[in-house]
């Protein structure tokens, strides 16, 4: 059972608050009305076993954990005001070291750690919670307006997936705070790339019936190290779009007349076709019929990587 189906099954029987302003899966953050003001809430869980974050420098790991937690809020157009976390740590030194990196990230956001929990475990695990007020801006959801749109992404693509493939250190994730502030004023929908670029695109495609997404590989802002690796190993860079290692960039849509200096245009979305409710997702003119393989569906990381390469080689 994939993650979305599992969550849907788990939600059965739960009452939904009348103050919640988004439906399940409709926004990267949960949007709550508190005394007439909208707040965004996000929670995420990380472990070495599932996420594969590999950092000998524990302060960098702490930065990455905080950026990854906050990323959902930024994609929703909300800046974090407060933060909480629960740390399962193998020893005291680990918890102290990652806390230094978390602190550095929170200071950049003017966000305050207000509490949390700590426990002991042979292998680390981390849960982060971020929340804040939307203020004067409306929340950004994953629902795209009906007119023609362009698709944009912040930062470079593929570096986290390259580290997963090669066993290199996980790159330091960029805090897209300024990009989010620019985007929230003119973007029309957004999602972060916590599950890889293609997984995020597939999610938008599934939520926006009747839309045709057109993506081009040659527009993608691949990390230079990815392109070098592909040339040396005769590998299509499309594999790094399909990989599920989170890179925590922001993928967003905007009116075709808008332009952004802080992001890269990677494709377009046609007007809604009222006669075709199915929609489609195309990459280089090839229709994508299935979602990208999910890492949870495989017994090992190597088996997952082999499947990604198989899918890409068959289609591209």
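Remarks
- Criterion: at pLDDT 95 or above and over 20 Å from residue 195 (Cβ atoms) - qualifying residue of 249, 232: 232
- Residue match in the stretch 211-218 (condition: closer than 25 Å to residue 302 by Cα, out of contact with any strand residue (DSSP E or B) (no Cβ under 9 Å at 6 or more places or on another chain), surrounded by fewer than 23 Cβ atoms within 10 Å (Cβ to Cβ) and not assigned by TED's automatic domain parsing to the domain that holds residue 68): no
- Test: residue in the stretch 234-245 that is out of contact with any helix residue (DSSP H, G or I) (no Cβ under 7 Å at 6 or more places or on another chain) and outside any loop (DSSP other than H, G, I, E, B): no
- Residue-level analysis places residue 299 outside the set of residues that are closer than 30 Å to residue 178 by Cβ and surrounded by fewer than 20 Cβ atoms within 10 Å (Cβ to Cβ).
The values are calculated or read from the model by the stated rules, or taken from the named source; none is laboratory data. Just so it is clear, the structure is predicted and the values come from calculations on it, not from any experiment. Glycine also receives a Cβ, built like all others from the backbone with ideal geometry; neighbour counts cover every protein chain displayed.
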